[in-house]
1. Near H120, within a Cβ-to-Cβ distance under 14 Å, what is the net charge of the other residues, with Lys and Arg +1 and Asp and Glu -1?
2. Distance in nm between label sites at R104 and N90, each 7 Å beyond Cα in the beta-carbon direction?
3. Per residue, how much space in cubic angstrom lies within the convex hull of the C-alpha atoms of the range 39-122?
4. Could you please state, rounded to a whole Å, how far the C-alpha centre of the range 81-96 is from the C-alpha centre of the range 64-78?
5. Might you report the magnitude of the Cβ-based charge dipole of the range 36-122 about its Cα centre, with Lys and Arg at +1 and Asp and Glu at -1, to the nearest 20 debye?
6. Run the simple label-point estimate for C116 and A50 please: 7 Å along Cα→C-beta, distance reported in nm.
7. State which entries of K65/K111; K32/K122; K65/K85; K32/K108; K100/K122 exceed 25 angstrom in Cα-Cα distance in the structure shown.
Amino acid sequence: MKRYLLIIIIIFGISSIVLSNQQSVIDRSVFKNPQRSSALFNHDDHNEKAELEDCAICHHVYEDKKLVEGESSEDDSCSSCHTLKRTEKNIISIRTAFHKRCKRCHFKVSKGPVLCGECHIK
Ligand code: HEC
Ligand code: HEC
Ligand code: HEC
Ligand code: HEC
C-alpha cells in the first residue's frame with residue numbers, strides 16, 4: 001500500500017513540475033472575450049534559448065514618452081500601461097504591444113514563430 005502511495009506522489013510531483021514549466025506567464029485577463037487561444041511563451045526557457053539577458057528588451061520604462069535607458073519594469077504587467085484600447089496617453093494597445101514586441105524580433109533574427117497559428121496554437 002505504502003509503495004503505491006509513494007508512486008502516486010512521485011507521479012504527481014513530476015507532472016506538476018512539467019505543468020508549471022509549460023505555464024505561460026502572460027496574464028491575458030485584459031482580453032475579456034479572447035478570439036484566439038493563449039499564446040505560447042515559456043518565460044525563462046524562451047529567454048535563455050534566445051539569449052536575452054537585458055530584461056528591458058521587453059520590460060521597458062517610459063517617462064514623458066521617452067524610453068528610460070538602464071531601467072526595467074518587470075514588476076509591472078504590460079497591461080498596467082498598455083490598455084485594451086489605445087488612448088491619447090498610450091498609443092500602443094496591449095494587443096499591438098505584444099505583437100510588435102514578439103513578432104518584430106522574430107522577423108529580425110529569422111528565428112521564432114511569426115505566423116498566427118505558431119503562437120496561438122489550438
Ligand atoms: C510571436 C507570437 C505571436 C504571433 C505570431 C501572433 N500572436 Fe497574437 N498574441 C500574442 C501574444 C503574446 C498575445 C497576448 C497574450 C495572449 O493573448 O496569450 C496575443 C494576443 C492576440 C489577440 C488578443 C487576445 C485574443 O485572443 O483576443 C488576438 C486577437 C491575436 N493575438 C491575434 C493574432 C493574429 C490574428 C495573428 C496572426 C496575424 C497573431 N495573433 C500572431 C502572440 C502572437
Ligand atoms: C522576450 C521578452 C521578455 C524578456 C527579455 C523578459 N521578460 Fe519578463 N515577462 C515578459 C512577459 C511578456 C511577461 C508577462 C507580462 C504580463 O503578464 O503582462 C513577463 C513577466 C515577468 C514577471 C512577472 C510574472 C511572473 O513570473 O510572476 C517577472 C517577475 C519578469 N517577467 C521578470 C523578468 C526579468 C527579471 C527579466 C530579465 C532577466 C525578464 N523578465 C525578461 C517578457 C519578457
Ligand atoms: C511603465 C509603463 C509601461 C510598461 C510596464 C510597458 N510599457 Fe510598453 N510602452 C510604454 C509607453 C509609454 C510607450 C510609448 C507609447 C507612445 O509612444 O505613446 C510604450 C511603447 C511600447 C511599444 C512600441 C515601441 C517599442 O518599444 O517597440 C511596444 C512594442 C511595447 N511598448 C510593448 C510592451 C510590452 C510587451 C510590455 C510588457 C512586457 C510593455 N510594453 C510594458 C509604457 C509601458
Ligand atoms: C529580442 C528578440 C525576441 C523577442 C523580443 C521575443 N522573442 Fe521569441 N524567440 C526569439 C528567438 C531568437 C527564438 C528562437 C530561440 C531558439 O533558438 O530556439 C524565439 C523563439 C520563440 C518561440 C519558440 C519556442 C521557444 O520558446 O523557443 C516562441 C513560442 C516565442 N519565441 C514566443 C515569443 C513571444 C510570445 C514573445 C513576446 C512576449 C517573444 N517570443 C519575444 C527571440 C525573441
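1. On the way: positive: R28, R36, R95, K103, K122; negative: E118.
My count for the surroundings of H120 gives +4.
2. Here the modelled spin labels are 1.6 nm apart.
3. Numbers: hull volume 9.7 nm³, N = 84.
Hull volume normalised by residue count: 115 Å³.
4. 15 Å
5. Details: 15 positive and 15 negative charges, 182 e Å.
Roughly 880 debye for the range 36-122.
6. 2.1 nm
7. Numbers: K65/K111 30 Å; K32/K122 19 Å; K65/K85 18 Å; K32/K108 31 Å; K100/K122 22 Å.
Exceeds cut-off: K65/K111; K32/K108.
Read-outs throughout are calculated quantities, based only on the coordinates presented, and are distinct from any laboratory measurement. Model, not experiment: these values are computed from the prediction. Note that we place each Cβ from the backbone using ideal geometry, even for glycine, and neighbour counts take in every protein chain shown.
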